[in-house]
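Here the structure comes first, spelled out in structure tokens, and everything after it is commentary.
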């Protein structure tokens, strides 16, 4: 009888501790989850041949620099780096990807070698200007949601 009462109390304590430990492994009750680094993103750098050709400051919502390409050509690979407040590249988890929107695809196109990769090539389609927006997406490529979106940067096709 003593063993049954003692075991019952231990089983109840074990169940309570197990629930608390397992609960601590997931999201907390406020809906916040582990730090995923996207919270650190405050800017973007576009890097071509090792040089920053344009950068976006999330505080001012402004771009420094522009994109440029000739008709019928494409740029070398442009790396897109999401940066923190100090301009340092932010390391992102594997469930983030890049989405690029070109306002007028009859003037320029942005082609990623692999869908969602953090970079690509700007193609000059026709002489003119258009705007390009870069978005840090979270989730499956093509069906995620935006965690960070730039204002439009100008793209000139000569």
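Here, each number is a calculation from the coordinates, and none is a lab measurement. Here the structure is a predicted model, which is why all the values come from computation and not from measurement. Virtual Cβ from ideal backbone geometry, glycine too; neighbours counted across all protein chains shown.
Odds and ends about this structure:
- Linear extension gain, residue 49 paired with residue 104, 0.36 nm per residue minus alpha-carbon span: 17.3 nm
- In this label model, residue 71 and residue 111 are separated by 1.9 nm, measuring between points 7 Å along each Cα→Cβ vector.
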